[in-house]
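Down below is the structure, laid out as structure tokens.
The values are calculated or read from the model by the stated rules, or taken from the named source; none is laboratory data. All values derive from a computational prediction rather than experimental measurement. Note: ideal-geometry Cβ built from the backbone for every residue, glycine included; neighbour counts use all protein chains shown.
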Amino acid sequence: MEHISLPPVIEQPVLTASLQLNPEAIDRRLVSEKNLSYYDLQALEGDVIDVAEPHWWDLADLADSQGKQPHADITAELGSFDFWLIRFALSAVPVGDNVITWMRFIAKLQSPDSQPYPQVHSVFPFRTDSNHRIRVGPDFHFASEILDDDAIAEIEVTADEGIKVSGIVVRPAKAMWDVRGYDIRTAFETYAVVKKGKQSRLKVEFAFNVQIKTVQGQLAASARPSASQSQIGGMTYVF
């Protein structure tokens with residue numbers, strides 16, 4: 001089986017997203033009790049999220065190279081669809097004494113080629129606590145209990161023990177991961193198996209929601225691309 005173990009190090013991010021205050025998500029009592037204006041709450045300047053160049057593998061090619069046969073229902077779809085294993089690596093970089101305690105990473109799939117709409121087939125980490133090793137089976141789903149003879153890929157994730165990542169498919173073309181920790185300021189990884197039209201391009205739109213502790217209190221933030229640093233245009237990446 002293919003063994004995948006990549007260090008979650010982001011040296012040259014393809015996207016640097018700046019965190020922006022989300023006033024509608026802030027309790028207005030925070031403003032009145034501390035006698036703060038929204039101008040005073042611009043405490044997030046300098047907080048960013050870096051996104052690394054995504055890695056991807058064609059699961060049908062991996063299976064073929066190992067002489068392994070996907071399940072019959074998957075094989076029937078391979079004439080019209082590709083199944084890609086995609087790795088997303090991200091890093092939260094709070095400024096000064098700011099502390100990120102929760103972050104939601106959202107990936108929305110689109111097809112720029114008028115092909116069949118792409119779908120999220122499976123995600124990792126799951127909703128429940130997982131170990132740091134997972135396999136992809138002949139059904140192209142993530143699972144921990146897959147025999148060596150059946151496993152197409154095994155992924156070893158390097159993770160900070162103080163950070164918990166859990167993901168879910170919220171819509172056919174949308175996946176979401178929640179990241180929780182006392183102080184999230186390190187790199188972490190998520191994986192998705194994506195089903196897309198044969199030979200068509202894939203566009204992924206990113207979104208981030210964050211909770212940050214600052215000297216002013218607990219603030220809500222969303223991410224916008226830093227125009228001077230983004231290499232991929234907006235908050236999207238096209239494969």
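Things worth noting here:
- Being crowded, with 20+ Cβ neighbours inside 10 Å, at positive phi and modelled with pLDDT of 90 or more is a condition met by at least one residue of region 136-157.
- So Pro172, is it closer than 20 Å to His55 by Cα, of a type outside the set (A, V, I, L, M, F, W, C) and out of contact with any Pro (no Cβ under 6 Å at 6 or more places or on another chain): no
- From the list Ala63, Ala76, the lone residue that is more than 24 Å from Gly167 (Cα to Cα) and surrounded by 15 or more Cβ atoms within 10 Å (Cβ to Cβ) is Ala63.
- Those residues of region 181-208 which are in contact with a Ser or Thr (Cβ under 6 Å, 6 or more places away or on another chain) and among the hydrophobic types (A, V, I, L, M, F, W, C), in sequence order: Ala187, Val193
- Scanning region 186-221 for residues that are closer than 30 Å to Phe83 by Cα, assigned to a strand (DSSP E or B) and of a type in the set (A, V, I, L, M, F, W, C) yields a count of 9.
- Just so you know, in region 88-117 the residues that are among the hydroxyl-bearing types (Ser, Thr, Tyr) and surrounded by 15 or more Cβ atoms within 10 Å (Cβ to Cβ) include one that is farthest from Gly197 (Cα to Cα), and it is Thr101.
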